[in-house]
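First the structure, then my questions, so here it is.
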Amino acid sequence: MPRVVVISPPFSSHAQPLSVLAGALARAGAEAHLACAEPFSPLAAQAGVGFVPLTVTRNANTGIARRTEQGEREAARLEEFLESTRQGAVPALLTQARHRGEDMLADPETVLAEVRAVQKSLAPDWYVVDQLSYPVTLALHCLGLRFATFCPGHPSYLPHRPENLFGVPQNWPSAIRPAPEDLARLEEAARANDQAFTDSFARTARRHAPDLSGPGRAFSLASRHAVVFNYPPFPWLPRRRTPGRRYLYGGHCVPLAPESPGRVWEGLVRRLRTQYRHLVLVALGTFLSARDDVLAALVRGIRAHRPDAAVIVAAGDRVTAMAGLADSAVHIAETVPQRWLLGHVDAMVHHGGNNSFTECLAAGVPAVVLPFSSDQFSIAHDLERAQVGLCLDPTRMADEEAGRAIGRLLSHRPAGLARWMGTARSLGPDWTARHLIEAMGH
């Protein structure tokens, strides 16, 4: 029985799928542990695996970004990011590029020491590391420890060619087409980050592992054995061939049967489904739920265009600001049991995050995607190409446009949804765990 430690950064959107994978590894015969910040220990208990306290970044998000306790600098960067999303795709991506060093490469020396301590106390056979936890990957490289890479976002997060730059979408959805001069500025910033990260990796490696071959390009550093993409195997994605390395497209990390959230939610959904023909879920993720202007436009548009549809909205810390739109057809909550609700709604509006996208596919729920930042533009492109939903530009979206888009999904099921739902359901965390254990030699 291999002993495996799954390391997650302290973000709900990362820890949730990684805890599900840890549970699947346990079911497949491994002794699995989730390593994350202390507030995420309940996820390990829920998955039936051990828990190891480990903090790998100063940033954190335990479910509602603005309410997560963190330093003044981290909170200020969050507000700067949210403001940039009002200006459009490239300003948001440029802001993320400026923040990248503080977000993703903070204190690699401390992280290396903490990973060394985990190895000494537990002696795992191998690790699974979130691909965006760059200091952890660097630590595992320097310590010569065996690990598998888990890519929590779009597969392009792991650049496959020298010209591909982390932070620059390789494909854009039809609704968002930045000007060439804006893309040039973004590419310049991304190229500078690429060099800065690579130089930092090399310096750390020279100090701690001078006898090992260098880590090379930082954003491309990954396991020599196995890379797991939490994503469907779309045929248009780049073909990756690296001798000795397995690439596993796991489809999604949704539990086989999401737990009921309790009688209150069950009663609410029962009432809405009885009184209205359709039910729509609106959730823009733990960071972007702060964009209550977009949430309000969505609610107004859906209710005006489809009065036969009820709406459930995840509004984070903006519930009070949204209170004027709540009525018998509109339920507004801080957080929602999204995985469970996807078994009860007819459509969803989300931001194009990996979890929401893959969870919708696994549930067979069509979606309207409003991409704001990160890999969301690439995911929105794939959603359109797979014909499983529609994409709108959140910086230019009018109420009426939002209502029409949801109306189209409620009236006409997207042509590709049945195909890709079937693919997603044939994969999943248990499939991934079995193949990952095989790829790692256990």
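Return yes or no: is A433 in contact with a Leu (Cβ under 7 Å, 6 or more places away or on another chain) and closer than 16 Å to V227 by Cβ?
yes
Another question, then. So if I check each of V90, V118, V111, which one is touching a helix residue (DSSP H, G or I) at 6+ places or on another chain (Cβ under 7 Å), within 30 Å of R3 (Cα to Cα) and modelled with pLDDT of 90 or more? Show your work before the answer.
On the way: V90 fails: within 30 Å of R3 (Cα to Cα); V118 fails: touching a helix residue (DSSP H, G or I) at 6+ places or on another chain (Cβ under 7 Å).
The match here is V111.
So, one more: Can you tell me which residue within region 1-27, out of those that are within 20 Å of the chain's Cα centre (by Cα) and in a loop (DSSP other than H, G, I, E, B), is surrounded by the fewest Cβ atoms within 10 Å (Cβ to Cβ)?
Looking at residues that are within 20 Å of the chain's Cα centre (by Cα) and in a loop (DSSP other than H, G, I, E, B), I get P10.
If you go through region 28-45, how many residues are assigned to a helix (DSSP H, G or I) and in contact with a Pro (Cβ under 6 Å, 6 or more places away or on another chain)? Show your work before the answer.
Going through region 28-45, the residues assigned to a helix (DSSP H, G or I) turn out to be 38-45.
Next cut, in contact with a Pro (Cβ under 6 Å, 6 or more places away or on another chain) only: 38.
The qualifying residues number 1.
Within the set of pairs 6 or more residues apart or between chains, which connect a residue that is at negative phi and free of Cβ contacts under 8 Å to residues at least 24 places away in the same chain inside region 1-19 to a residue that is outside any helix (DSSP H, G or I) and surrounded by fewer than 23 Cβ atoms within 10 Å (Cβ to Cβ) with Cβ atoms less than 7 Å apart?
none
Being within 19 Å of the chain's Cα centre (by Cα) and within 22 Å of C36 (Cα to Cα): is that true of G144 here?
Details: within 19 Å of the chain's Cα centre (by Cα): no; within 22 Å of C36 (Cα to Cα): yes.
Judged against the criteria, G144 is not a match.
For residues that are in a helix (DSSP H, G or I) and in contact (Cβ under 8 Å) with a residue 12 or more places away in the chain, tally how many sit in region 401-418.
12
Next question, about the same structure. Could you tell me whether region 234-255 includes any residue that is small (G, A, S), without any contact (Cβ under 8 Å) to a residue 40 or more places away in the chain and in contact with a helix residue (DSSP H, G or I) (Cβ under 7 Å, 6 or more places away or on another chain)?
Within region 234-255, not a single residue is small (G, A, S), without any contact (Cβ under 8 Å) to a residue 40 or more places away in the chain and in contact with a helix residue (DSSP H, G or I) (Cβ under 7 Å, 6 or more places away or on another chain).
Got a sec? Which strands (runs of 3 or more DSSP E) wholly within region 256-362 have at least 1 residues that are surrounded by fewer than 19 Cβ atoms within 10 Å (Cβ to Cβ) and modelled with pLDDT of 95 or more?
Strands (runs of 3 or more DSSP E) meeting the threshold: 330-333.
Let me ask another. In region 235-252, what count of residues is obtained for those that are of a type in the set (A, V, I, L, M, F, W, C) and under 16 Å from S378 (Cα atoms)?
2
Tally time: how many residues in region 133-150 are surrounded by 23 or more Cβ atoms within 10 Å (Cβ to Cβ) and either in a helix (DSSP H, G or I) or not hydroxyl-bearing (S, T, Y) (or both)?
11
Out of W420, W431, I need the residue that is out of contact with any Ser or Thr (no Cβ under 6 Å at 6 or more places or on another chain) and assigned by TED's automatic domain parsing to the domain that holds E83. Which one?
After ruling out the rest, the residue left standing is W431.
Restricting the search to region 178-201, which residues are small (G, A, S) and surrounded by 15 or more Cβ atoms within 10 Å (Cβ to Cβ)?
A189, A190, S200
Would you check which residues across region 256-278 are of a type in the set (A, V, I, L, M) and in contact (Cβ under 8 Å) with a residue 24 or more places away in the chain and list them?
Of all residues in region 256-278, those of a type in the set (A, V, I, L, M) come to 256-257, 264, 268-269, 272.
The answer is L256, L268, V269, L272.
Looking only at residues in region 390-400 that are in a loop (DSSP other than H, G, I, E, B) and not acidic (D, E), which one is surrounded by the most Cβ atoms within 10 Å (Cβ to Cβ)?
The qualifying residue surrounded by the most Cβ atoms within 10 Å (Cβ to Cβ) is P394.
Can you run down the residue pairs with Cβ atoms below 8 Å, 6 or more apart or on separate chains, where the first is in region 332-343 and of a type in the set (F, W, Y) and the partner is outside any loop (DSSP other than H, G, I, E, B)?
As it stands, the answer is W340/W265, since those pairs meet every condition given.
Let me ask something else about it. Give F229, F197 a once-over and let me know the one that is assigned by TED's automatic domain parsing to the domain that holds R146, within 26 Å of R100 (Cα to Cα) and in contact with a Pro (Cβ under 7 Å, 6 or more places away or on another chain).
The conditions single out F229.
Now for a different question. Being of a type in the set (K, R), under 17 Å from I406 (Cβ atoms) and out of contact with any helix residue (DSSP H, G or I) (no Cβ under 6 Å at 6 or more places or on another chain) is the requirement here; does R277 meet it?
Values: of a type in the set (K, R): yes; under 17 Å from I406 (Cβ atoms): yes; out of contact with any helix residue (DSSP H, G or I) (no Cβ under 6 Å at 6 or more places or on another chain): yes.
Yes: the conditions hold for R277.
Would you check which residues across region 376-389 are surrounded by fewer than 23 Cβ atoms within 10 Å (Cβ to Cβ) and in a loop (DSSP other than H, G, I, E, B) and list them?
Passing the criteria: only Q387.
Quick check on this structure: which one of A30, A65 is over 27 Å from D393 (Cα atoms) and either modelled with pLDDT of 95 or more or buried (at least 18 other Cβ atoms within 10 Å of the Cβ) (or both)?
Just a single option satisfies the conditions, and that option is A30.
Related question: Mind listing whichever residues of region 114-151 are closer than 20 Å to Q16 by Cβ and not polar (S, T, N, Q)?
Y127, V128, V129, D130, L132, V136, A148, F150, C151
Count, please, the residues in region 412-424 that happen to be more than 12 Å from Q387 (Cα to Cα), in contact with a Gly (Cβ under 8 Å, 6 or more places away or on another chain) and either among the polar types (S, T, N, Q) or surrounded by fewer than 18 Cβ atoms within 10 Å (Cβ to Cβ) (or both).
Residues flagged as more than 12 Å from Q387 (Cα to Cα), in contact with a Gly (Cβ under 8 Å, 6 or more places away or on another chain) and either among the polar types (S, T, N, Q) or surrounded by fewer than 18 Cβ atoms within 10 Å (Cβ to Cβ) (or both) within region 412-424 amount to 1.
The values are calculated or read from the model by the stated rules, or taken from the named source; none is laboratory data. Everything quoted here is computed from the prediction, not taken from an experiment. Positions of Cβ are backbone-derived with ideal geometry, glycine not excepted, and every protein chain shown enters the neighbour counts.
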